[in-house]
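These notes are about the structure you will find just below.
Rule-based calculations on the coordinates, nothing more; no lab input. Here the structure is a predicted model, which means the values were calculated and not measured. So basically every Cβ, Gly included, is an ideal-geometry build from the backbone, and we count neighbours across all protein chains shown.
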């Protein structure tokens, strides 16, 4: 996955994963799971044959430009299969009881990849592939919580008509890719199963903590997932060069602990995260450390340090209005 090279100066650079591998080298308290390649059949549960063939055709080629943000190198197809497979490895280990929970440290990220299109640095949608995999294992209700800076358009579109998959996204809005309004609540039988919390630039720990306490967690508990997946992007960190949010490790700790509590209450503790965005190396290291600590149940978490909870009022008002027919909020 470190060999995937989208081009000189690209923010989704190999060092994003390399710095994490170096940082965690001596973390003996963690169980290390070797990733496997996701099979084409596993990927085909959520992506078209044409997209898989397009990605496969990039193998061995020094550079293929797929869109203005997304390019491949010789190793990118294998890296994308490993990224999806790494999260599958985590899910398999959690289901088997070999680990309590897991965090797939991967690149390229996945949540922008549509069924038939690579976009936004993403080739395959890692969390969508994992959701389809868990369904194939017999689990019925899966929750996906996406706290990346950007809205996960690909994940939403993959499951927006599915009543048994709940997709929750907090994201800067309006911003790339332009989707994720509060009024996007799902379609048909999936109405109410898409919960978007579009946030203005400048939100910090206190706003996110309140959004989770008053919207995300209540909906999750009512949905009662059997497995919780987390699209964990760290580009909402105040240090990130692409975003305008003000989160600190205290905010990520609050969100991770809230989701772990839900998983323990409804899913037998089954939860797994996958790395999405985040382009400041120090912020990625701190964010991953914080989530791993929360997942391990370490009681001393960083404190909420930024923001004002009252600023979440307008977002919560829009969300409550949009979801009044579906949830008690």
Exercise for the section: Would you mind classifying the stretch 1-90 by shape? Square roots of the alpha carbon gyration tensor eigenvalues, ordered a ≥ b ≥ c; an a/c under 1.5 is rounded, otherwise it is prolate if a/b is larger than b/c and oblate if not. Expected result: oblate
Fill in the blank from the handout: Packing-ranked peptide list from 76-89, 315-328, 94-107, highest mean Cβ count within 10 angstrom first, is 76-89, 94-107, 315-328
Practice task
Under 1.5 on a/c is rounded, so check that first for the stretch 58-110, then, if it is not, pick prolate when a/b is larger than b/c and oblate when it is not; a ≥ b ≥ c are the square roots of the alpha carbon gyration tensor eigenvalues.
Solution key: prolate
Fill in the blank from the handout: Taking every alpha carbon pair in the chain and sorting the distances into 20 angstrom bins from 0 up to the bin holding the longest one, the percent per bin comes out as 35, 61, 4
Completion exercise
Calculated from DSSP helices alone, with each H run of at least 4 adding -39500 (n - 2.57) and the total divided by the residues of the chain, [θ]222 nm to the nearest 500 comes to -11000 deg cm²/dmol
Completion exercise
Taking only the alpha-carbon atoms of the stretch 183-329, the convex hull volume per residue, in cubic angstrom, is 108 Å³
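Please say if the stretch 50-206 is rounded, prolate or oblate, where rounded means a/c under 1.5 for a ≥ b ≥ c the square roots of the C-alpha gyration tensor eigenvalues, and otherwise the choice is prolate for a/b larger than b/c and oblate otherwise?
oblate
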Exercise for the section: Restricting things to alpha carbons, tell me how big the stretch 129-191 is in terms of Rg and Dmax, in Å. Expected result: 12.0, 37
Problem - the stretch 243-299 versus the stretch 27-82: alpha-carbon centroid distance in Å - result: 25 Å
